[in-house]
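Enquirer: I have a structure here, written as structure tokens, and I will follow up with some questions on it.
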Amino acid sequence: MNQDKPNQLATEQALENSGRRDLLKMTGAGIAAVGVAAMTSGQAFAHSTELTLESSWDKTFPKSEKVNHQKVTFQNRYGIPLVGDLYVPKNASGKLAAIVVSGPFGAVKEQSSGLYAQTMAERGFVTLAFDPSFTGESGGAPRNVASPDINVEDFSAAVDCIGMQDHVDRERIGVIGICGFGGMALSAVAVDKRVKAVVASTMYDMTRVMSKGYNDSMTQEQRTQTLTQLSQQRWADVESGKPAYGPVSLELQGGEPQFVVEYADYYKKKERGFHPRAINSNASWSLTTPLSFMNLPILTYIAEIAPRPILLIHGEVAHSRYFSETAYEAAAEPKELMIIPGATHTDLYDQTDVIPFDKMTNFFESHLA
């Protein structure tokens, strides 16, 4: 046996991961500085034709005694099976207003979206938190891929699902999108006129950050170089017969920007937001995920949400605040931008004393009346 073989393999693996890190630094601002993950084997990327649903309560927040909960499955317009958590106020009677929820980008319904959904159900709404295509318990292959088109469609598919529930008034449906799925939510509502009101909390426009970098800092030369790298990665993927993934998400090495440290504090801590099915906690995006985001801006028609109302919520000190501010400028009335004093981007993921649930409740009660 060649005793140098393990060392050689380790060196080769380190070089391969280093190359993937270099590519990720260039692609979509490191896939928004969160979807940085390793090529792994096993169930995380297995392709399955059947959905496997967890039957136990495995959320990152405690179960409420005020609502009933059940898993639901439905399909989007592309035939991809999706999985959601349906929350219904106990002793519900008659037809109620309803809200569908998803996000953040790279998260699962057991994290922030579930917390938002359960809390709003406690306040009298039927709610549905769902996993987007290719992630969490939802279907789609390969795994851990995102698409601005398909993920916008996922919101409308969730509207289909919740509108079929016995206790739901189809004329009183709203949407909440969190982080990267805040932008998806706004895009979905622009085209889906069934939705009567929308909230985007700590919103990212993923097409903007991937195509232009943070604060629109990407130069044309950098964009061209990124697209060249992504194009070459396609050759590598087709030759291997499977997509490549980078090093594990949010494994901090030291020297990262403060907002990346804040992401890690949420996604990596089991006492806070860690969940084994979340890409940002335990897995990775495919390296070529940014391709369609580089070319398809999702907020082009945000003004067409009007005359239906928009509520944008953002932390005062969040690195991402500019996304909500420019979306607010582009939107038509009625619209409102609520800035939470002293709050960071991730404070609005799970800090129940910071997330303005009273404001959202009043907003939806008013506009889903």
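Enquirer: Of the residues L82, L53, only one is within 24 Å of P148 (Cβ to Cβ) and either of a type outside the set (S, T, N, Q) or at pLDDT 95 or above (or both); which?
Expert: Unique residue meeting the criteria: L82.
Enquirer: Across region 162-182, what is the total count of residues that are out of contact with any Lys or Arg (no Cβ under 8 Å at 6 or more places or on another chain) and surrounded by 22 or more Cβ atoms within 10 Å (Cβ to Cβ)?
Expert: 9
Enquirer: For region 107-119, give me the residue count where each residue is basic (K, R) and either surrounded by fewer than 24 Cβ atoms within 10 Å (Cβ to Cβ) or out of contact with any Gly (no Cβ under 9 Å at 6 or more places or on another chain) (or both).
Expert: Residues that pass the stated criteria total 0.
Enquirer: Within region 230-238, does at least one residue satisfy the condition of being assigned to a helix (DSSP H, G or I), in contact with a Ser or Thr (Cβ under 7 Å, 6 or more places away or on another chain) and crowded, with 17+ Cβ neighbours inside 10 Å?
Expert: The answer is yes, given that some residue of region 230-238 is assigned to a helix (DSSP H, G or I), in contact with a Ser or Thr (Cβ under 7 Å, 6 or more places away or on another chain) and crowded, with 17+ Cβ neighbours inside 10 Å.
Enquirer: Quick test of your reading of the structure: Q225 fulfils all but one of (1) within 23 Å of S113 (Cα to Cα); (2) touching a residue at least 60 places away in the same chain (Cβ under 8 Å). Name the failing condition by number.
Expert: In the conditions (1) within 23 Å of S113 (Cα to Cα); (2) touching a residue at least 60 places away in the same chain (Cβ under 8 Å), Q225 misses (1) alone.
Enquirer: Looking only at region 197-227, which residues are surrounded by fewer than 24 Cβ atoms within 10 Å (Cβ to Cβ), assigned to a helix (DSSP H, G or I) and not charged (D, E, K, R)?
Expert: Residues satisfying the conditions are S211, Y214, N215, Q220, Q222, T224, Q225, T226, L227.
Enquirer: Let me ask something additional. It is to be established whether one or more residues within region 172-182 are at pLDDT 95 or above, over 17 Å from the mean Cα position of the chain (by Cα) and either among the hydrophobic types (A, V, I, L, M, F, W, C) or not in a strand (DSSP E or B) (or both).
Expert: Of region 172-182, the ones at pLDDT 95 or above are 172-182.
Retained after the next criterion (residues that are over 17 Å from the mean Cα position of the chain (by Cα)): 172-174.
Of the ones still in play, those that are also either among the hydrophobic types (A, V, I, L, M, F, W, C) or not in a strand (DSSP E or B) (or both) are 173.
Yes - at least one qualifying residue is present in region 172-182.
Enquirer: Being out of contact with any strand residue (DSSP E or B) (no Cβ under 8 Å at 6 or more places or on another chain), in a loop (DSSP other than H, G, I, E, B) and either at positive phi or touching a residue at least 40 places away in the same chain (Cβ under 8 Å) (or both), is that true of even one residue in region 342-355?
Expert: yes
Enquirer: Counting only residues that are of a type in the set (A, V, I, L, M) and under 17 Å from C179 (Cα atoms), how many does region 151-168 have?
Expert: Within region 151-168, residues that are of a type in the set (A, V, I, L, M) and under 17 Å from C179 (Cα atoms) number 1.
Enquirer: If you don't mind, there's one more thing I want to ask. Answer yes or no: is there a residue in region 231-238 that is touching a residue at least 60 places away in the same chain (Cβ under 8 Å) and of a type in the set (F, W, Y).
Expert: no
Enquirer: Within the group E153, E122, which residue is under 29 Å from G241 (Cβ atoms), among the acidic types (D, E) and surrounded by fewer than 24 Cβ atoms within 10 Å (Cβ to Cβ)?
Expert: Answer to the selection: E153.
Enquirer: For region 356-369, enumerate the residues that are of a type in the set (D, E, K, R) and either more than 20 Å from G114 (Cβ to Cβ) or touching a strand residue (DSSP E or B) at 6+ places or on another chain (Cβ under 7 Å) (or both).
Expert: K359, E365
Enquirer: Need pairs with beta-carbon distance below 8 Å; first residue without any contact (Cβ under 8 Å) to a residue 60 or more places away in the chain and farther than 26 Å from T52 by Cα and within region 116-133, second of a type in the set (A, V, I, L, M, F, W, C) and part of a loop (DSSP other than H, G, I, E, B); sequence gap 6+ or separate chains.
Expert: none
Enquirer: Sticking with this structure for a sec: Can you name every residue in region 68-103 that is under 20 Å from A141 (Cα atoms) and within 13 Å of the chain's Cα centre (by Cα)?
Expert: Correct list: S102, G103.
Enquirer: For a quick check of your reading of the model, give me the residue pairs whose first member lies in region 89-106 and is loosely packed, with under 15 Cβ neighbours inside 10 Å, whose second is among the polar types (S, T, N, Q), with beta-carbon atoms closer than 6 Å and at least 6 apart or on different chains.
Expert: K90/N68
The values are calculated or read from the model by the stated rules, or taken from the named source; none is laboratory data. For clarity, every value in this text was computed on a predicted model and none was experimentally measured. Every residue, glycine as well, gets a Cβ built from its backbone with ideal geometry; the counts of neighbours run over all protein chains shown.
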